[in-house]
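Participant: Below: one structure in structure tokens.
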Amino acid sequence: RKRVVVFISGSGSNMLSLADACASPDFPAEIVAVISDKASAGGIAKAEARGIRTFAFERKSFASKAEHEAAMLAALDEVKPDILCLAGFMRLLSGDFINRYEGRILNIHPALLPLFPGLNTHQRAIDAGMKIAGCTVHFVTEGMDEGPIVAQAAVPVLSGDGAETLAARILTFEHRLYPLALKLLAEGKVRMEDGRAVHDVSVTSTHAD
Ligand code: GAR
């Protein structure tokens, strides 16, 4: 089983969906630690309740971004993950950090990338008059929400939706999509090659629907 570290900043519901998937004995990955950049993140207690090892590294406890990342990299050296999953981790990782785990870092973003990267994504989709929204799991590269796409789910925007109702609907799809994408990577059925996601021919579905 591939060793996975999940990075969070908040409630950790995506982290839990990955933990639920990993609880199945035939799932090809296990979560060996959760790293948060917020000591108060709700996801930390949820991870601990599952018996998952947790680390909190507050940015303000370190003099520089480089020292903050060095602390996280030292924790990773200790738990020796194969794969990193960013799940609501609201911090941009440096190129140096990403290069250490190149092709082995996934992120989930609650939009149909390349549309609406960054913050406030649900409101921007509504403001643009989108009728379809969704979520994307992609390989992490240096740009924000920019790496090659591993899997996506399309989610309807309903009349009367606000950012909160749309976010809640998309989140339920995130919880199905992220385990699917992690399974593909853990089984070697998708890989990053020359800046593109290459899927195994046997992969029939890269969408949660
Ligand atoms: C999720 O909707 C995730 O896609 C989003 O933050 C939320 C975290 O929720 N991530 C981003 O916006 C990253 N750009 P969770 O902590 O309950 O998983």
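The values are calculated or read from the model by the stated rules, or taken from the named source; none is laboratory data. As the structure is a computational prediction, the values presented were derived from the model and not from experiment. Cβ coordinates were reconstructed from backbone atoms using ideal geometry, including for glycine residues, and neighbour counts include every protein chain displayed. Accessible surface is based on the protein model in full, side chains and every heavy atom, while ligands, DNA and RNA are left aside. Shrake-Rupley method; radii C 1.70, N 1.55, O 1.52, S 1.80 Å.
Participant: What list of ³J(HN,Hα) couplings, whole Hz, do you get for the stretch 91-101 from phi and the Karplus terms 6.51, -1.76, 1.60, once you set θ to phi - 60° and write x for glycine and proline?
Facilitator: 8, 7, 7, 6, x, 4, 5, 4, 4, 5, 10
Participant: Which value, in Å² rounded to 10, gives the accessible area of residue 191 with a 1.4 Å probe and all protein chains present?
Facilitator: My reading of the accessible area for residue 191 is about 120 Å².
Participant: Hey, another quick one. Name the residues of the stretch 114-149 whose amide N is less than 18 Å from a point 7 angstrom out from the Cα of residue 205 along the C-beta direction?
Facilitator: Once the point is set 7 Å along Cα→Cβ of residue 205, 134-137 turn out to lie under 18 Å by backbone N, inside the stretch 114-149.
Participant: Place a point 7 Å from Cα of residue 90 in the direction of its Cβ. Which residues in the stretch 1-32 have their backbone N less than 14 Å from it?
Facilitator: 8-13, by backbone N distance to the label point.
Participant: Run the numbers for residue 100 and residue 158: contour at 0.36 nm per residue of separation, minus the present Cα-Cα distance, in nm.
Facilitator: 16.7 nm
Participant: Given 0.36 nm per residue, what is the gain on full extension from residue 48 to residue 127 after removing their alpha carbon distance, in nm?
Facilitator: Contour length minus the Cα-Cα distance gives 24.6 nm.
Participant: Which helices, counted as full DSSP H runs in the chain, have an axial Cα extent of no less than 27 Å and a Kyte-Doolittle average of -0.5 or above?
Facilitator: Flagged H segments are 163-186.
Participant: Sorted by average packing, counted as other Cβ atoms within 10 angstrom per residue and highest first, what order do 42-51, 196-205, 3-12, 171-180 take?
Facilitator: 3-12, 171-180, 42-51, 196-205
Participant: Evaluate the charge dipole of the stretch 146-204 about its Cα centre and quote only its size in Debye, nearest 20, assuming +1 on the Cβ of each Lys and Arg and -1 on the Cβ of each Asp and Glu.
Facilitator: The calculated dipole for the stretch 146-204 is roughly 180 debye.
Participant: Further question on the same structure: Let me know the charge dipole size of the chain about its Cα centre in debye, to the nearest 20, where only the beta-carbon of Lys, Arg (+1) and Asp, Glu (-1) is charged.
Facilitator: 280
Participant: Whole-Hz Karplus ³J(HN,Hα) for the stretch 111-126, in order, using 6.51 cos²θ - 1.76 cosθ + 1.60 and θ = phi - 60°, x for Gly and Pro?
Facilitator: Using θ = phi - 60°, the values come out as 7, 8, 4, x, 6, 6, x, x, 8, 6, 5, 5, 5, 5, 5, 5 Hz.
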